[in-house]
Amino acid sequence: MTAGAGPGTRFPYLEFLANLNQGRGMTSAYLVRYRENGRKAVLKILDHASGSVAREAIVEELNGARLLQRLADREAPGLNPEHRLPKVYEFDERDEYFYVLIEYLEGQGLARRLGEGPLETGEAIRIAKDILTQLAFIHSPERNGEGRPICHGDVKPANIILQPQSARLVDFGIAKLLAVGRTDATANFGSEN
């Protein structure tokens, strides 16, 4: 971020409630509320920096936002409402940064929950079923509406939100459409966590 151009000045229509990542990684994430309607969202900001890695990260986030927006807006046969993907409210690339505003899902992160101790067997099975249901939807060209499988690429406890009725997969920043028949989808893909 450039000096004097904090997120509040970039987004005057948002009220900033919390910093969600405390400066980890290349992306800043905030819990925000739209001033007009009170709706909560997650704002992810990726500042432009020099170099091909930074540009590649912005392209991945932009493509992930477009893909999630299409997926979240689709009626998904066999996907219950509690398993639907988070909605994308808006995204854009500006001169100095890329941003995306995504539906905020109330709940506890699986990473935090695991920090409290081991899961009960039934809870672990429920979480696995919920996440596998969502992954089956995005991986199936017939169901996802894209005509090709989609690889989330970053399934980890930090990207799973536990809600009373279900576990939900979030953060599609590096999700990719895969070429049909591609066998090397895991090469150089995903996060280190």
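The values are calculated or read from the model by the stated rules, or taken from the named source; none is laboratory data. Here the structure is a predicted model, which is why all the values come from computation and not from measurement. Ideal geometry is used to build each Cβ from the backbone, glycine not excepted, and the neighbour counts take in all protein chains shown. Accessible surface is based on the protein model in full, side chains and every heavy atom, while ligands, DNA and RNA are left aside. Shrake-Rupley method; radii C 1.70, N 1.55, O 1.52, S 1.80 Å.
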Task: J(HN,Hα) series, the stretch 135-144, from Karplus relation 6.51 cos²θ - 1.76 cosθ + 1.60, nearest Hz, glycine and proline x - done: 5, 4, 4, 6, 7, 8, x, 5, 9, 7
- [ ] Calculate, for Thr121 and Arg74, the FRET efficiency according to 1/(1 + (r/R0)^6) with r their C-beta to C-beta distance and R0 41 Å; round to the nearest 0.05.
- [x] 0.80
TODO: Using a 1.4 angstrom probe, figure out how much accessible area the stretch 82-146 has per residue, in square angstrom, rounded to the nearest whole.
DONE: 53 Å²
